[in-house]
1. Which of the residues spanning segment 42-64 are open to solvent by 50 Å² or more (accessible area, probe 1.4 Å) and outside any loop (DSSP other than H, G, I, E, B)?
2. Going by the structure shown, is Phe15 surrounded by 10 or more Cβ atoms within 10 Å (Cβ to Cβ) and either within 15 Å of the chain's Cα centre (by Cα) or of a type in the set (D, E, K, R) (or both)?
3. Select, from Leu32, Leu36, the only residue that is open to solvent by 90 Å² or more (accessible area, probe 1.4 Å), touching a residue at least 24 places away in the same chain (Cβ under 8 Å) and assigned to a helix (DSSP H, G or I).
4. (1) open to solvent by 100 Å² or more (accessible area, probe 1.4 Å); (2) within 23 Å of the chain's Cα centre (by Cα); (3) at pLDDT below 80: which one isn't true of Pro23, the others all being true?
5. Restricting the search to segment 65-85, which residues are open to solvent by less than 30 Å² (accessible area, probe 1.4 Å) and either within 17 Å of the chain's Cα centre (by Cα) or closer than 25 Å to Val29 by Cα (or both)?
Amino acid sequence: MKFIIIICSLVLLSFLLFRNSFPKFFEGVSILLFRLGFSVLLLYGVHLLLGSIGYAIPVNLFTGAVAAALGIPGVISVVAISMLI
């Protein structure tokens, strides 16, 4: 319990000391989470479309991260690798 209190105190102290740089940090994190969520949603849509003809596209954190980092080419590469394996 003491460990949690110490960690929370350090986080609050860092918010107070570096409050000018945190909006940029949170903006970057929110963009990253949006891209990850959208890529997982896109992969799930591809999974549903290709699942009807017999191909199973994995939808997990790794494939979502690849698609989030690379965008549409990442989704195409995940689909291509899944079809080749």
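The values are calculated or read from the model by the stated rules, or taken from the named source; none is laboratory data. The structure presented is a predicted model; accordingly, all values stated were derived computationally and were not measured. A quick note on method: Cβ atoms are made from the backbone with ideal geometry, for glycine too, and the neighbour counts reach across all protein chains shown. Each accessible area value is taken on the protein alone, full model and side chains, heavy atoms only, with ligands, DNA and RNA left out. Shrake-Rupley method; radii C 1.70, N 1.55, O 1.52, S 1.80 Å.
1. Here is the first cut: in segment 42-64, the ones open to solvent by 50 Å² or more (accessible area, probe 1.4 Å) are 42, 44, 47-49, 52-56, 58-62.
Leu42, Tyr44, His47, Leu48, Leu49, Leu61, Phe62, listed by residue number.
2. No; evaluated as a whole, the condition is false for this residue.
3. Matching residue, one of Leu32, Leu36: Leu32.
4. (1) is the only condition that Pro23 fails.
5. Within segment 65-85, Ala67, Ala68, Gly71, Gly74, Val75, Val78 meet the criteria.
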